[in-house]
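Since every read-out is calculated from the coordinates, none of them should be taken as a lab result. All values derive from a computational prediction rather than experimental measurement. Note that we place each Cβ from the backbone using ideal geometry, even for glycine, and neighbour counts take in every protein chain shown.
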């Protein structure tokens, strides 16, 4: 039987919570995964004319649940397809050094904001230079906090238009195949992030690890000014479908797709991961509680937006900008829009069905099942 994240959580979550203190938002996300599609959340039942009974339980719809990711990904792709311009796009990745991980764990929301603003500032500052673009591009920026081994690895993926609007409202095409030069982009990103980090430190807006002081943060920042930061500027994508699907797939549904889970024997989890240093796919085995700990590292703070639009793609004023650009930049084609949004639904739970899925006989009874908060979730998913 296929291994699911819920199997692992149902087996070891209570033991993990007994020995680890987690924020309320993390605890709610973990229990949502455990209860997803079980009697705890209630459900629906129908009976056809031939007596076939079909029961299905409600989904938790948590953004951390891999089984609910389909719905969130499709809604996200539909929203982006309505606003995406039909020009080429670039994929740029900004990564935070691991030296900042102790601070990140205690200040996810604040440092997440700093990461968004530093990436946006570096991109738009260079894009305003006439040597590169001389205009304001559009950028969709998505935050990821995980690596292939579920370790803490904060970084943002940026989908940036290969062009922008100048101060006269005219569209300017990007002349470079790689959009912006990598080295100046790295230096700008590093400087903006460190300056914002020091500003938060001086105003005592950061929670510090035990035994840390503001002087430790300042010394860390000084070291990071001379460290190489990872910024990857990829080649131009004339069709943004692949990047949008990539962002949507990993943005919702947690840090690991269930197709990567290989085995779970009740105490040890085995899963596939890509080792990018050597370009090979490998297998890692972790104790179940360590797997849960790593998984829960990536639950976002309550109300924190993991994907944001800037420039032409900013939410406010987008319709006015698009109306100006329609005669200069074509919208996304109908074929591409359909490719982005037309995905088969893996779980049929439509109460409007009039015939039995098993024998095609008419449905004669449909009823809702009330939630049972004290129901014991099954050992294996239904």
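In table form, for the structure just shown:
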item: Global form of region 74-158, assessed from the alpha-carbon gyration tensor, a/c cut-off 1.5; result: oblate
item: Share of Cα-Cα pairs in region 154-219 lying beyond 19 Å, as whole percent; result: 57
item: Degrees, to the nearest 10: 182-202 long Cα axis against longest axis of the chain; result: 80
item: Length released on extending from residue 98 to residue 202, taking residue separation times 0.36 nm less the Cα-Cα span; result: 35.3 nm
item: Label point at residue 235 placed 7 Å out along Cα→Cβ; residues across region 253-292 whose backbone nitrogen lies under 20 Å; result: 279
item: Within region 207-233: backbone nitrogen closer than 16 Å to the residue 105 label point (7 Å, Cα to C-beta); result: 207-213
item: Distance between modelled label sites at residue 149 and residue 131, nm, 7 Å Cα→Cβ extension; result: 4.0
item: Stokes-Einstein diffusion coefficient of the chain, Kirkwood radius over Cα pairs, 37 °C, 0.692 mPa s, in µm²/s; result: 141
item: Estimated [θ] at 222 nm from DSSP helical runs (n ≥ 4, -39500 (n - 2.57)) normalised by residues in the chain, nearest 500; result: -11000 deg cm²/dmol
item: Label-point gap, in nm, between residue 278 and residue 293 - each point 7 angstrom along Cα→Cβ; result: 2.6
item: In Å, descending, principal axis extents of the Cα set of region 142-253; result: 50, 38, 24
item: Rg(Cα)/(2.2 N^0.38 Å) for region 1-133, N = residue count; result: 1.55
item: Simple label model, 7 Å out from Cα along Cβ direction - residue 370 to residue 212, nm; result: 4.9
